[in-house]
1. If a residue has to be in contact with a helix residue (DSSP H, G or I) (Cβ under 8 Å, 6 or more places away or on another chain) and within 21 Å of Gly109 (Cα to Cα) to count, how many in segment 43-73 make the cut?
2. Tell me, which strands (runs of 3 or more DSSP E) lie completely within segment 224-306 with 2 or more residues that are of a type in the set (Val, Ile, Thr) and modelled with pLDDT of 95 or more?
3. Only residues that are acidic (Asp, Glu) and assigned to a helix (DSSP H, G or I): list them for segment 198-221, please.
4. For segment 335-360, which positions are in contact with a helix residue (DSSP H, G or I) (Cβ under 7 Å, 6 or more places away or on another chain), assigned to a helix (DSSP H, G or I) and of a type outside the set (Asp, Glu)?
5. Please state which one of Arg257, Arg218 is farther than 20 Å from Arg25 by Cα, touching a residue at least 60 places away in the same chain (Cβ under 8 Å) and of a type outside the set (Gly, Ala, Ser).
6. State whether one or more residues within segment 516-523 are within 37 Å of the chain's Cα centre (by Cα), of a type outside the set (A, V, I, L, M) and in a strand (DSSP E or B).
7. When you go through (1) touching a Cys at 6+ places or on another chain (Cβ under 8 Å); (2) at positive phi one by one for Trp590, which number turns out not to apply?
8. Limited to segment 578-593, what total is found for residues that are of a type outside the set (D, E, K, R) and in a helix (DSSP H, G or I)?
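The values are calculated or read from the model by the stated rules, or taken from the named source; none is laboratory data. Fair warning: this is a prediction, and the values are worked out from it, not measured in the lab. No Cβ is skipped: glycine too gets one built from the backbone with ideal geometry, and neighbour counts run over all protein chains shown.
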Amino acid sequence: MEERFNNLKIAVVHDHLGWSGGGERTAMLIALELGADFITVYSAENTYADYQKRLGPRLKILTSRILDKEVIRFFWMRAIFWKNRKLFDNYDILIGSGQAATEAVAKYGRPDATRILYCHTPPRRVYDLYETSRARYKWFLRPLFTVFTRYWHLAYKHALDRFDYIVANSQNISDRLAHYTGHLANEIVWPPIMTEKFRWLSQGDYFLSWARVDEHKRVELIVEAFRRMPDKQLVVASGGSRLEAVKKLAENCPNIRIAGWQEEAALFELVGNCRAAIYIPIDEDAGMTHLEANAAGKPVIGVEEGGLRESIIEGETGVKIKADPDVDDLIAAVNKFTPEWCAAHRQICEQHAQKFDASVFVQKIKNIITLNDPGKPIIGIDASRWEDPRQPGRGSRTGVEVYVKNLLEKLVPLLAANGWRVRLYTQKLIDELPKESQKVIPAGRFWTMRKLAAELKHNPPDRFFTPAYYIPRTAPKKSYATVHDVIFKTEPKKYSFKERLEQGYTAKKNFARAEKIITVSDYSKEQIVAVCRQNPEKIVVASMGFDRVAKPFVSRKENLIVSIGRVEKKKSPEVLIKAFEFFCRNHTGWRLMLIGRPGFGFEKIKKLIDDSPNHGQIELLGYMEEEKKQGLLAEARIFVHPSDNEGSCLPLFEAWDCRTPAIIADNRLMRGLAGAAAIYFHPGDSDDLSRQMSRLVTETELSRELVRVGEANLEKMSWEKTAQQVLQVLIDQ
C-alpha cells in the first residue's frame, strides 16, 4: 500500500458476497489495493475465495445467516447494518458499493468521514425496471409494491445527498443516476478487467456465451438463433435461473452445447479458443464479459443498449445489433463473423481491453482517495449563481453572475494548489469547472434554505464561502460572503418592495454569520460600515477583476451610443434618454442602444422612450450574448453609464476593452475606478450629460486619450488578482 494511505482508516462496504459477480469482485479489489477493511452482511465460502483469504481479518462479515425472502431480505440487510452501526465510527473514508451499503454508509459514517460511492447502478426495480418488476406480483400486491418502491426511492435519494463523491461504473450509469435521481457522478471508472487471465489460444470454430442465464441476458434468444443455424457452433458456459429452459430449447441441436458454470481455468480456455463471444444483455449497467473476450483477442456480438454502447468499437472490437433485437438480427451478425474477420481484429481487441485493465482501475481509485483525503481541509463554495438562476441552462449573466463565473474559474485551482479540497455546491453540472469538485444538489424550492442548508449540516465543510447570496444557518463558523453593495439601503426608492426585502434579508444574514465580508471597492466598504454599522475590520476589499478579450478590428466607428445594464430605475436610464433628446437637437443620424433586461420601473422607462421625439432612434435590445454585445460596443463611438451609485462597474471595463470612450456619473467610486479614463457628468443632470456627449463628438483627441488611459487601466486588472485577494481572506483566518 502506498505511503499516503498509511494514516487513513478505510472501509469498503458491500451488500453481501452471496455470489461471484462483477460488483463483488470490483468491491473486493478496491479493498485489497487500498489496504482497506471490507464490511459485508454475509458471505458464501466460494465467492472469490482467494480474495476472501487475502483480506483475512480485514474481512468483516456481520452475520453467518442468509435470508432469501425478497421483501423481508430488504429490511433484514438494513437491520444488520443498523445493528453494527458503531463499526462505521472507526473509519476516515467509507466507500459504498451496493444499495443497502449505500444507505448504511450515508447514515452511519462519522460526520467528518469522507463518503465515496462506487455506483454499480441505482436500484433498477425502483426506476427503469419498475413496471417489469411490478408485473411479477399478483394484482392485489402491486399497490404495496408501489408504496415500497416509493419509500426506497426516497431512502436512496436521501442517501445520495450524504455522499462527498460519486463514482459511476459507466456513462450509462452516470446518465441513469442523473435521470432518475438528479444526482451526477463526479467521475466514471469502468470495472476492472483481469486482462492477464484472458489470453488468445487459438482460432476455434464456436461462438461462446458466458453471461448469467436469466431473463435479462437474452441467452434464450442466442440459443434460438443457433437452432436456426445448424452449421454454426455455440457453447453456453454459465448457469442461472433460466438454465433448464435453455437446456430444453437446445435439445436435439448437436451444434449447441450447454456446458453450465465453469471453473476459472476451464472458462479461460473456452474464451481463448472460441471464434467470437456473444453478449446481448438488456440495458446492461456497464458490462465486463465483452471486454474479457476482447482481452483474449476475440471480437464480440453486442447490442446497442446500456454500457455496451460506449465500450464496443463498432466494426473493430465487435458489432452492436440494434436495441431490442430479434433472432434475425442476431443471425445476420453471426454470419458477418467469419474466421478471417475475427482473426484480423485480434490485435485491436487486445489493445482496447488494456484501457480497462485492473491496473488502470486501481490507479483511478487511488487518485480518487488522494483527491478526497480527509487530512486536507474542505472549503465549500455556493456556485449556484454561476449563471442567471432565472434563465437556467442558457449561460446568461448579469454583473453578479459575471463576478461569480470569473472569480471561481481562478479561485478553484488556487485553493487546490494551497492544499484545500474544494466542494462546489451547484444545482446542475458546470462544464467549465472541475467535475470532481462539484457536489450537484438537485434543484428545488428554497434551494439555499433547504437543500444547501441540509448539505452543510450533514456534510459540513471546514469553511464556507458564498460569492453572491447568503450564508445558510447550518454553515460552519468560519464562513465568508461577498456583499457587492448596499444601495438598496442608501437609495431604497430605486428598488421594488420585494427586492428590498430579499436584499435586506441576504445582507442581514451575511453580516450576522460571516467571519469576514468581502466587497468589491473601497466605496462599497465605506457604505457598508456607515449604513449597516459594521466593524471596518470585518470588511475586506477585493477589487473587481477584468481579463481582456481579443476584439475584431473596427476600422470606422458608428454614430452609436451604447449603455449596458439592466433597464431599471436604479440604473438611471431616464437621465440618458433625456440627455439623448437634447443631444439630437444638434447632432443628427445618431442612435441610442440600451442593452439589458427589464427591471424595476421598466414600464415608466418604456413610456418615456415611446413619448420621446427621438423614439425611432432608441432601441431596447434586452439581454445580449457576450460576443454580440462586444461587437456592438466596439462599433459605438460613445459608451454612457448613467447610474450614480454602483459597487463597481463591469460595463465600464468592457467599454475600455472595446476601445470606446466612456462617460460616467461623477461620484467618488467612479472617480476611483476610472481616474482620467472617462469624462464625468453631474449625477442626474441630463443637460450636463448631453454636453459631455457633444464633447466626445467634437474633441477627437479627447476620445483617443480616454481610450489610451482606459486600456492602461485594464493592464493593471485581472481576475487572477481578485482571486488571490479572496484566497487570502478565505485561508488566512
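1. Selection size over segment 43-73: 5.
2. The strands (runs of 3 or more DSSP E) meeting that bar are 233-236, 256-258, 300-303.
3. Correct list: Glu220 only.
4. Answer for segment 335-360, where residues must be in contact with a helix residue (DSSP H, G or I) (Cβ under 7 Å, 6 or more places away or on another chain), assigned to a helix (DSSP H, G or I) and of a type outside the set (Asp, Glu): Cys349, His352, Ala353, Gln354, Ala358.
5. That would be Arg218, the only listed residue that is farther than 20 Å from Arg25 by Cα, touching a residue at least 60 places away in the same chain (Cβ under 8 Å) and of a type outside the set (Gly, Ala, Ser).
6. yes
7. For Trp590, the exception is condition (2).
8. Going through segment 578-593 one residue at a time, the tally reaches 5.
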